[in-house]
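Contents: one structure, followed by commentary.
Please treat every number below as a calculation from the coordinates, not as lab data. As the structure is a prediction and not an experimental result, all values here were calculated from the model. All Cβ positions, glycine included, derive from the backbone under ideal geometry; neighbour counts span all protein chains shown.
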Amino acid sequence: MLKVHLNYNSSSLVCLDFMAGFWDNAMSISFLLVAFFCACFLPITAELQRLEHPVKTNGLLSFLVIGDWGRRGNYNQSDVAYQMGRIGEKLSIDFVVSTGDNFYEDGLTSINDPAFEKSFTKIYTAKSLQKQWYNVLGNHDYRGDVEAQLNPVLRIVDSRWLCLRSFVLNSEIVEFFFIDTTPFVDKYFRRPKHHTYDWRGVLPRKEYLSKLLKDLDSALRDSTANWKIVVGHHTIRSIGHHRDTRELVKQVLPILEEHSVDMYINGHDHCLEHISSKRSNIQFLTSGGGSKAWKGDIGKLGRDLLKFYYDGQGFLSVELKQTEAKIVFYDIFGIVLHNFNISKGLFSTM
């Protein structure tokens with residue numbers, strides 16, 4: 001069972017329980033639409049939404065991370081998907097994490113957009129990938145009907161799909177903190193060029209970001225998990241096309257450092273990348289090679305340590321135990337490009 005709690009004030013509390021096969025039962029469309037309305041339009045005054053996903057009985061949790069992928073199978077998306085299925089079966093993965101830019105070029109037009117099936121359902125068909133997908137939004141997703149991706153009605157089309165703006169996923173030995181990074185980036189508001197962004201649910205922007213930062217800080221502070229992993233679309237540290245995202249470096253990174261976050265996982269740059277912080281134990285992992293890549297677009301590294309960079313398509317896997325983590329990067333042929341391990345002692349708040 002996957003439990004999802006959407007926490008709002010007393011007048012707008014919504015609680016949804018998503019179970020395997022839930023949408024195959026006789027659940028009315030009207031309930032889904034009411035839940036969606038509450039989730040998207042009623043004022044948010046409580047903490048981040050919290051989900052739960054159990055580890056295996058042997059205490060191991062494994063998952064794949066893919067980003068910047070939705071191109072109807074083009075630009076090697078189908079090849080990456082095939083290798084994800086193969087590696088997913090080998091690792092017996094528990095779920096898949098998407099780092100955003102789920103549908104190119106401009107998100108979904110509505111909940112009925114055929115791109116959802118053509119870029120997702122009909123691409124990631126391997127048996128091992130028929131697990132929960134936890135998705136965040138990217139900047140390209142905000143260029144369409146952003147609330148279409150957030151709408152639980154999409155789970156009728158494909159029960160794997162779960163996309164929220166920001167949320168916490170508790171998996172016993174680890175807590176994931178998924179954050180909505182696009183509203184942080186100034187240029188999307190000040191210099192959008194020819195693009196139109198769907199800012200419903202975000203405005204007024206200052207209040208939205210203030211609350212998100214406060215909730216992230218609180219959730220990280222309260223976490224007793226041995227591993228803390230933050231997932232967002234935009235880079236914090238990168239030598240790829242977009243380089244560092246200065247707004248996240250200024251506003252989000254200090255919170256991650258203060259609360260001893262282990263990994264920040266992102267997409268946005270269409271590459272695979274591992275940068276190790278000199279100031280903390282944070283490992284910056286980019287998995288944005290789900291389809292189109294930018295060959296040769298490499299910048300200079302700042303003060304942190306570049307461990308690995310690949311300007312092609314691929315994905316990464318993470319295997320977690322109580323005190324050990326193994327991270328592996330793969331290309332479109334399933335060849336291991338880079339891997340590393342992290343060991344740590346048991347975390348205690350005492």
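Here are some notes:
- Here the condition is being surrounded by fewer than 24 Cβ atoms within 10 Å (Cβ to Cβ), touching a residue at least 24 places away in the same chain (Cβ under 8 Å) and not in a loop (DSSP other than H, G, I, E, B); of Y82, Y75, it holds for Y82 alone.
Conditions (1) more than 25 Å from T235 (Cα to Cα); (2) within 18 Å of the chain's Cα centre (by Cα), marked per residue:
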{"residue": "I123", "(1), (2)": "yes, no"}
{"residue": "K131", "(1), (2)": "yes, yes"}
{"residue": "R143", "(1), (2)": "no, yes"}
{"residue": "V146", "(1), (2)": "no, yes"}
{"residue": "I156", "(1), (2)": "yes, no"}
{"residue": "L162", "(1), (2)": "no, yes"}
{"residue": "E175", "(1), (2)": "no, yes"}
{"residue": "I179", "(1), (2)": "no, yes"}
{"residue": "T196", "(1), (2)": "no, no"}
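- Yes/no for D311 being in contact (Cβ under 8 Å) with a residue 60 or more places away in the chain and either over 15 Å from T181 (Cα atoms) or among the charged types (D, E, K, R) (or both): yes
- V249 without any contact (Cβ under 8 Å) to a residue 24 or more places away in the chain and among the hydrophobic types (A, V, I, L, M, F, W, C): yes
- Evaluation of I93 against (1) crowded, with 18+ Cβ neighbours inside 10 Å; (2) not in a loop (DSSP other than H, G, I, E, B) (one fails), failing number: (2)
- Single match in G201, G267 (criterion: buried (at least 16 other Cβ atoms within 10 Å of the Cβ) and under 19 Å from S287 (Cβ atoms)): G267
- Pair list, Cβ < 7 Å and 6+ apart or interchain, from the range 53-64 residues that are under 11 Å from F95 (Cβ atoms) to residues that are among the hydroxyl-bearing types (S, T, Y) and part of a strand (DSSP E or B): S62/S317; L64/S317
- Only strands (runs of 3 or more DSSP E) whose full extent lies in the range 159-249 are considered here, and the ones with at least 3 residues that are over 20 Å from V261 (Cα atoms) are 161-163.
- Those strands (runs of 3 or more DSSP E) of the range 271-327 in which 1 or more residues are under 17 Å from the mean Cα position of the chain (by Cα), surrounded by 15 or more Cβ atoms within 10 Å (Cβ to Cβ) and of a type in the set (S, T, Y) occupy 283-287, 314-320.
- Which numbered condition F189 misses (of (1) in contact (Cβ under 8 Å) with a residue 24 or more places away in the chain; (2) surrounded by fewer than 21 Cβ atoms within 10 Å (Cβ to Cβ); (3) touching a helix residue (DSSP H, G or I) at 6+ places or on another chain (Cβ under 8 Å)): (1)
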